[in-house]
Amino acid sequence: MKKIALVLFAVCGFAAANAQTNATASTSGQTVTLVLNNALTINYTPNTTHTMTFTTVADYTSGIELQSAGTVTVSSNKSYHLTAKAATANFADGGVTTTTMPASVLQVQVNGGTVPYQGLSTTDQNIGNFSRGSGNVHNIDYKAVPGLNYDADTYTINVVFTATQY
């Protein structure tokens with residue numbers, strides 16, 4: 001009886017093993033291609049006018065600084081240079097003066113950055129090199145040192161920030 005059970009068990013086990021080895025499988029593949037282009041966005045906030053009021057001789061000769069006056073936020077899939085330039089070679093005046101103030105009176109830097117203040121012109125001035133990433137926030141400092149060479153008036157200039165991948 002034990003022999004019959006053992007033989008029956010062996011036959012069933014062999015049949016089960018044979019059924020598993022006779023199973024067939026089929027596979028198929030699909031190629032997926034991702035085309036990644038360079039991606040870059042830049043945004044300056046707040047989009048308001050920053051005002052520096054000069055009242056003393058020390059203000060004129062030593063300058064006034066606005067630290068973290070605004071932020072430039074950059075998202076990029078590559079490392080990038082951040083530059084700043086003046087939209088015009090000279091400040092626009094309020095119509096009271098006859099003196100022309102050059103853009104270089106205004107200086108810009110990234111707060112806590114490795115590049116010191118850069119005087120503005122209509123040529124891009126590098127204010128930092130940064131690694132890729134999403135939502136890289138750069139606090140912007142402004143400094144103006146007009147000296148005593150300009151008449152009392154209200155002077156304005158637009159600053160343009162550019163992020164360029166490298």
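Here, each number is a calculation from the coordinates, and none is a lab measurement. Bear in mind that the values here come from a model prediction, so they are computed numbers and not experimental data. Note that each Cβ is placed from the backbone with ideal geometry, even for glycine, and that neighbours are counted across all protein chains shown.
Conditions tested, residue by residue: (1) more than 20 Å from the chain's Cα centre (by Cα); (2) under 20 Å from Thr45 (Cα atoms); (3) surrounded by 12 or more Cβ atoms within 10 Å (Cβ to Cβ); (4) of a type in the set (Asp, Glu).
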site	(1), (2), (3), (4)
Val108	no, yes, yes, no
Ile127	no, yes, yes, no
Val137	no, yes, no, no
Lys143	yes, yes, yes, no
Tyr150	yes, no, yes, no
Open item on the list: Of everything in the stretch 111-131, what is out of contact with any Asp or Glu (no Cβ under 6 Å at 6 or more places or on another chain) and over 23 Å from Gly147 (Cα atoms)? Give them in sequence order.
Closed with: Gly112, Gly113, Thr114, Val115, Asp124, Asn126, Ile127, Gly128, Asn129, Phe130, Ser131
- [ ] Residues being in contact with a Ser or Thr (Cβ under 6 Å, 6 or more places away or on another chain) and either in a loop (DSSP other than H, G, I, E, B) or among the charged types (D, E, K, R) (or both): count how many of those fall in the stretch 69-84.
- [x] 1
Open item on the list: I need a count of the residues in the stretch 39-53 that are assigned to a loop (DSSP other than H, G, I, E, B), loosely packed, with under 15 Cβ neighbours inside 10 Å and either touching a residue at least 24 places away in the same chain (Cβ under 8 Å) or charged (D, E, K, R) (or both).
Closed with: 4
Open item on the list: Being under 18 Å from Ile157 (Cβ atoms), in a helix (DSSP H, G or I), touching a residue at least 60 places away in the same chain (Cβ under 8 Å) and hydroxyl-bearing (Ser, Thr, Tyr): is that true of Tyr60 here?
Closed with: yes
TODO: Kindly indicate the residue of the stretch 85-106 that is polar (S, T, N, Q) and assigned to a loop (DSSP other than H, G, I, E, B) and also nearest to the chain's Cα centre (by Cα) among those meeting that condition.
DONE: Thr88
Open item on the list: Name the residue that is farthest from Gln165 (Cα to Cα), counting only residues in the stretch 117-145 that are in contact with a strand residue (DSSP E or B) (Cβ under 8 Å, 6 or more places away or on another chain) and assigned to a loop (DSSP other than H, G, I, E, B).
Closed with: Val145
